[in-house]
Amino acid sequence: MSRLEIYSPEGLRLDGRRWNELRRFESSINTHPHASDGSSYLEQGNNKIITLVKGPKEPNTRSQLDPNKATLRVTTNITQFSKFERSKSSHKNERRVLEIQTSLVRTFEKAIMLHIYPRTMIDIEVHVLQQDGGIMGSLINGITLALVDAGIAMWEYISGVTVGLYDTTPLLDVNSLEENAMSSVTLGVVGKSEKLSLLLVEDKIPLDRLESVLAIGIAGAHRIRDLMDQELRKHAKKRVKHASSN
Amino acid sequence: MSAVITVVKKNGGFQNANMVLNKSIQGFVSSDEDEDNILDNDIDISSSESDSENGTSKDRLSFQIVTPGELITEDPIWMRGHGTYFLNEMTYSSVAGVVSRVNRLLSVIPLRGRYSPETGDHVIGRIVEVGNKRWKVDIGAKQYAVLMLGSVNLPGGILRRKSESDELQMRTFLKEGDLLNAEVQSLFQDGSASLHTRSLKYGKLRNGLFIQVPSSLIVRAKNHTHNLPGNITVVLGVNGYIWLRKTSQMDIAKDLPPGGSTGAGSTIKSNIGNQNGGLSANSTNVSITRLEEESSWQIYSDENDPDLSNSIRITITRYANVIKALAYCEIGITQERIVSAYEASMAYPNIGSLIEREVMESLGADVINGEKMRGNAV
């Protein structure tokens, strides 16, 4: 890693971004109308993710039935070809993947109004087609889009982003090269507020730098929220136009 | 935390515009306004509120699109309905959809979502489970509906007592995978439905083909069974499940004027030969004895009619593809539109080609144009 210049003196990163710039963010919703109740396809930089939301539906087993609220389940399928080099194992039941799933469930349990769907199950299925760092944030964004598409009631959008810390400079929305070279923090931000529904710190971060890292992360997440909102509104306008022309 | 960096989009890239130190909430709101300027030209909150104060300026408000977490109104006078939530005297949206205001009730109608049953809905469902004195039916809602053994017509007539042997042979009436049409009898506390089939127009479905469309495309109406040209009958379930079948004698009877539409099929059955005479006298008296005669084992038969001809099957598939085309164009599905799209589809001899994207679009356009020409477009 030493030969690569993560952050040049001119203030440019490996892929030409500045410290506070997001990666290309493109999304579309309702991509799989027959296979699911809500679906999205998200490209955040080189992360490519398909998300399917099925439900609220009848739970598969009795144990998944909660008389007071809906049961949330997240299944992550990280494909073997998602990284630069093909991995030998399918990532099923890998500790890391299970951990991702649990933290996603915890994040969205608080965002979805589960209490208005008693005795049902909401099944979220994520397929990672390609990954290039900051995957957790992209997963959150993809799931938010698909949930809104499914018409499931939520308190707010959740937008996710990963911020790295290079020496003293926070770097917004890191890619895999940067992620491997420095410590990073993943945020799940609630709407346009400064509330966090997820704060994932897997590496050591100097405490006095954490504030600036969080600040740029929240600002970036707000920007992502706006981008998702734009996409949803574009879609909604199209639908309403269709409906009114009938 | 105190520092917030607003990321502003300029010339296609993201640049750091200003670093605002937010000691107070006020400062945060100001950065919010910055973002609003970047956002596209949606109906902003302030203007919609002034409208609501004025009262009923519906034409503009009816298309107010909101997304989760968006402030709809600060006016506490509104009652909050589905798709909204209330926080500190303010009403927010919880789904992406269109704001609807009925009197003082404020709700958001989601753009998509599962079918939610209402009492009296005519639905089509599939049996998924045979349980204790009840069947579980998938009607495309959030939960399975229940069909009690006591809510079906059993062979032998309506007045027959349900015995233990009936409980034991429930699978001979309806088993897993069977399709039936039914009416929503009542709703449970949690929103799931209880069904009944106590009318001759309900019951097991045979001689046809099942299609599924989004439930939003089917509007609740007085009648959901329609006879179509080509000897086909369509049952448009409110839940978006559609059944296309060969027109039966009951269906023909149903189409006849007064009295014929309320399960009185059996009385008219004898009249089919001479439809012109003596109709009104007979069709008005729906007797229980007639119902008994009709409720034979035949209504739970799994066999298709032996005379289900190839041409009927072809017509059914044509109708099925026509309905798929209407659903693709997101056009509300009604009898008139199915017929008009069916007529338009005659230009394509190959039925399989009807579900090619361009063809579906042109069929949809044909239907809409046809309605505009006739001047009955909504």
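The values are calculated or read from the model by the stated rules, or taken from the named source; none is laboratory data. In this text the structure is predicted, and so the values were computed from the model without any measurement. All Cβ positions, glycine included, derive from the backbone under ideal geometry; neighbour counts span all protein chains shown. Just so you know, the surface numbers come from the protein's heavy atoms only, side chains and all, with ligands and any DNA or RNA stripped out. Shrake-Rupley method; radii C 1.70, N 1.55, O 1.52, S 1.80 Å.
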Checklist line | Residue of A:A215, A:A70, A:A150 that the Gaussian network model of chain A assigns the largest fluctuation, springs spanning Cα pairs under 10 Å | finding: A:A215
Next item on the list: Mind jotting down the distance between the C-alpha centroids of region A:103-149 and region B:161-196, whole Å?
Entry: 35
Item checked: Amide H partners (placed H, <5 Å) of A:V74, local residues excluded -> A:I124
Item checked: Cleavage-rule hits, GluC sites (Glu not before Pro), region A:162-246, DSSP coil, Cβ neighbours within 10 Å at most 15 -> A:E202
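Please work out how much length the chain gains when fully extended from B:T172 to B:S199, using 0.36 nm per residue of separation minus the C-alpha to C-alpha distance, in nm with one decimal. Walk me through the numbers before you get to the answer.
Details: separation 27, 0.36 × 27 = 9.72 nm, distance 1.94 nm.
Stretched fully, the B:T172-B:S199 segment lengthens by 7.8 nm.
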Check: HN-Hα J couplings of region B:86-97 from phi, Karplus 6.51/-1.76/1.60, θ = phi - 60°, integer Hz, Gly and Pro as x?
Finding: 10, 8, 6, 6, 10, 9, 10, 8, 10, 9, 8, x
Note to self: Of the candidates A:N68, A:N175, A:N20, which one comes out as most mobile in a Gaussian network treatment of chain A with C-alpha springs shorter than 10 Å?
What the structure shows: A:N68
Check: When all protein chains stay in place, what accessible area (Å², nearest 10, 1.4 Å probe) is found for B:S362?
Finding: 40
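When DSSP beta bridges are limited to those with both residues in region B:74-130, what percentage is antiparallel, rounded to the nearest 5? Don't skip to the end; give the middle numbers.
On the way: 10 of 12 bridges.
Given both bridge residues lie in region B:74-130, the antiparallel proportion sits at roughly 85 percent.
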Item checked: Degrees between helix A:95-109 axis and first principal axis of chain A (Cα, 0 to 90, nearest 10) -> 60
Next item on the list: Convert each backbone phi in region B:322-333 into a coupling constant with the Karplus relation 6.51 cos²θ - 1.76 cosθ + 1.60 (shift: θ = phi - 60°), then list the ³J(HN,Hα) values in order as whole Hz, x for Gly and Pro.
Entry: 5, 5, 4, 5, 4, 5, 4, 7, 6, 9, x, 9
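Please give the FRET efficiency for A:H115 paired with A:R24, using the beta carbon to beta carbon distance and R0 = 41 Å, rounded to the nearest 0.05. Numbers along the way, then the final one.
Details: r = 37 Å, r/R0 = 0.91.
Calculated value: 0.65.
Could you check what % of the DSSP bridge pairs in chain A are antiparallel, to the nearest 5?
Numbers: 39 of 47 bridges.
Counting only bridges with both partners in chain A, antiparallel ones make up about 85 percent.
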Check: What is the set of long-range amide H partners of A:Y166 at a cut-off below 5 Å, with H atoms built 1.01 Å from backbone N?
Finding: A:L171
Margin query: Which of A:E43, A:E109, A:E85 ends up with the largest GNM mean-square fluctuation for chain A, with Cα atoms connected below 10 Å?
Written below: A:E85
Next item on the list: Taking amide H positions as placed in the peptide plane 1.01 Å from N, state which residues far from B:V128 in sequence (5 or more) or on other chains have amide H under 5 Å from it.
Entry: B:K136, B:V137, B:D138, B:G177
Checklist line | Karplus (6.51, -1.76, 1.60) ³J(HN,Hα), θ = phi - 60°, over region A:48-60, in Hz, Gly and Pro reported as x | finding: 10, 9, 9, 10, 10, 10, 10, x, x, 9, 5, x, 6
